[in-house]
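Colleague: Handing you this structure, nothing more for now.
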Amino acid sequence: MQALTTRQAEILDFIRECVEQNGMAPTRAEVALKFGFRSKTAASDHLRALEQKGYIKLHAELSRGIQLLLDAEEDSDLLPVIGSVAAGLPLEAVENHDHSLPVPRGLFSKRPTYLLRVRGESMKDAGILDGDLIAVYKTSIARASQIVIARIENEVTVKYLDYEKKMIKLVPANPTFEPQLISPENVIIEGVFVGLIRDNFAT
């Protein structure tokens, strides 16, 4: 790959930090704000330069559609879309899936296992909106402060994970919703959030 200018290397590091910390690449507006550019066009120019030099790939059809090119493996994983997940009250999970979507490798810090469609507004302050597809890494182990997909009986919901005394606390990212306190035996962690996909590239 071609050598980077100092500013291009800084932007690439910023993209990596965003993906590692948030599970999401930055938008062009966030790049512009971070580096003091007067317009998103300047950020776009730097991103296109990084793409031309082989460090990233830009996906115009995706929100936050900056893919880090980490290796020379196949370009995408075909991930199943499994039902819906509630970002409000729990919504019944549909185990069977009828379609899959290609997700570029390197788009998220951890390779997801499947996608779930969000319904509801309880996680909007975390940037997860009604209609988003969230990328999920299937695991039963999660840390406090992670965004998790939790099953309560036969329904699933997406919330921040926390603990209060001996109870599991599922915390929304919207002040109009109340946290839920649930006995551990009534909750199964289905996976952790690793990123999201929106229908168009955020500007």
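Where a number appears in this text, it was derived from the coordinates with a stated rule and is not lab data. Keep in mind that what you see is a predicted model, and the values were worked out from it rather than measured. Positions of Cβ are backbone-derived with ideal geometry, glycine not excepted, and every protein chain shown enters the neighbour counts.
Colleague: Once the principal axes of the Cα atoms of the chain are found, what is the range along each, listed largest first in whole angstroms?
Modeller: Computed over the chain, the largest-to-smallest principal extents equal 54, 35, 25 Å.
Colleague: As an exercise, take the mean of 1/r over every pair of distinct alpha carbons in the range 6-68, invert it, and state the Kirkwood radius in angstroms.
Modeller: 11.5 Å
Colleague: Looking only at 119, 28, 48, which one moves most when the chain is put into a Gaussian network model with springs between Cα atoms under 10 Å?
Modeller: Among 119, 28, 48, the largest GNM mean-square fluctuation belongs to 48.
Colleague: In addition: In a Gaussian network model over the chain where Cα atoms closer than 10 Å are linked, find which of 174, 154, 22 has the largest mean-square fluctuation.
Modeller: Answer for the Gaussian network model of the chain: 154.
Colleague: Please return the longest stretch of the chain lacking exposed loop sites, where GluC sites (Glu not before Pro) count only if DSSP places them in a loop and at most 16 other Cβ atoms lie within 10 Å.
Modeller: 1-60
Colleague: Taking only Cα atoms and a 10 Å spring cutoff, compute GNM fluctuations for the chain and point out the largest among 65, 54, 131.
Modeller: 54
Colleague: Given the DSSP H assignment, sum -39500 (n - 2.57) over each helix run of at least 4 residues in the chain and divide by its residue total; what's the result at 222 nm in deg cm²/dmol, nearest 500?
Modeller: Taking each H run of at least 4 residues, the total per residue is -6000 deg cm²/dmol.
Colleague: Taking amide hydrogens as modeled 1.01 Å from N in the peptide plane, which residues meet the under 5 Å criterion relative to residue 88, leaving out close sequence neighbours?
Modeller: Amide H to amide H, under 5 Å and 5 or more residues apart or across chains, residue 88 pairs with 122, 158.
Colleague: Another question, then. Taking Cα atoms, how many degrees apart are the long axis of helix 6-22 and the longest axis of the chain, rounded to 10 and kept between 0 and 90?
Modeller: 10 degrees
Colleague: I've got another one for you. To the nearest 10 degrees, how steep is helix 40-52 against the longest Cα principal axis of the chain, on a 0 to 90 scale?
Modeller: 80 degrees
Colleague: What is the extension gain from residue 48 to residue 154, computed as 0.36 nm multiplied by their sequence separation minus the C-alpha to C-alpha distance, in nm to one decimal?
Modeller: Answer, rounded to one decimal: 33.6 nm.
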